[in-house]
Structure formats: structure tokens, C-alpha cells
1. Starting from one equal scatterer on each C-alpha and no solvent at all, send me the Debye-based log10 I(q)/I(0) for the stretch 43-117 at q = 0.11, 0.22 Å⁻¹, two decimals.
2. Could you give the length gained by full extension between residue 131 and residue 33, i.e. 0.36 nm per residue of separation minus their alpha carbon distance, to one decimal place?
3. With a Förster radius of 22 Å, plug the Cβ-Cβ distance of residue 85 and residue 48 into 1/(1 + (r/R0)^6) and report the FRET value to the nearest 0.05.
4. Just to confirm my numbers, what's the Cα centroid distance between the stretch 109-139 and the stretch 18-65 in Å?
5. Taking 8 Å as the Cα distance limit and 6 or more residues as the minimum spacing, I'd like the relative contact order of the chain as a percentage.
6. If we sort 15-28, 90-103, 66-79 on the protection proxy, mean other Cβ atoms within 10 Å, highest first, what's the order?
7. Relative contact order of the stretch 32-92, please, whole-number percent, based on alpha carbon pairs below 8 angstrom and at least 6 residues apart.
């Protein structure tokens, strides 16, 4: 068992997804529904990614394909972390785990089941509380 988290930049975070949804003039619920026929987005930087997305909008790509492209960029960003895990099951936590399109992309690309806890956005806080409680009890 292992744990991986993005600690390098905002490009694979919920804030990135929120910004990209704003560019597409859709909400997060709509964004999380699209995973088919993704437009190829190559920028790994949140700022450059937004500029690239605007360029693709101007080119006339559909919102569904653009949203799928945004979701797929998250997968490309986290794939190296997923490969390091080498597990038979991926437990996906954090607020981004609410993105059902990303869950499907991970399952399809990694050929592994993905489990999302009931309230994935709270798992980090729950872990901190549990860890802290153990230290308080031991004293």
C-alpha cells in the first residue's frame, strides 16, 4: 500500500478544473460528465492550459470534447503517480474524486477498479484527525 499526492503545481487540482469549467462556461457537474472524444490539450501548466483551451474554443471544438480534454489532462498529469502505486485497486480521494469522468478515465486507462469513498473531499482531514488522536492518546 502506498500514497501519492500532487505537490508540484495546481494543474491537477480542483481549482484547475474550476478555472477550465469557467472558460467553457459550464459548472463542475457538467464538466464531470465528459470523457469521450477528448480534444488533445498538451499544456501541463494551469495558466498555459487555460490559454490553450481558449484557443481550442476559438477553433470551434464542441464543449463536450473540450471538457473531456480537460479531464484527460488531469489523468495525464497524475498517471506517473498512479503507475508508482502498482496496486489492484485505486482509492481516489480529495474533491477531484467527485469528477466521474476522471474516475472512468482512470479505470479505462489503468485497467483497474477505482473506489471513491462516500465523502472523498474529507479523507485528508479524517486522516489528520485519526493520526492526531493516536498521538494524543499515547501521551
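1. -0.32, -1.01
2. 31.8 nm
3. So the FRET efficiency works out to roughly 0.20.
4. Cα centres, the stretch 109-139 to the stretch 18-65: 30 Å.
5. Taking the mean separation of contacting Cα pairs over the length of the chain, I get 26 percent.
6. Sorting 15-28, 90-103, 66-79 by mean packing, highest first, produces 66-79, 90-103, 15-28.
7. For the stretch 32-92, the relative contact order is 43 percent.
Bear in mind that the values in this text are calculations on the coordinates, not laboratory data. Given the structure is predicted, the values throughout are model-derived calculations rather than measurements. As a convention, Cβ positions derive from the backbone with ideal geometry for all residues, glycine included, and neighbour counts pool all protein chains shown.
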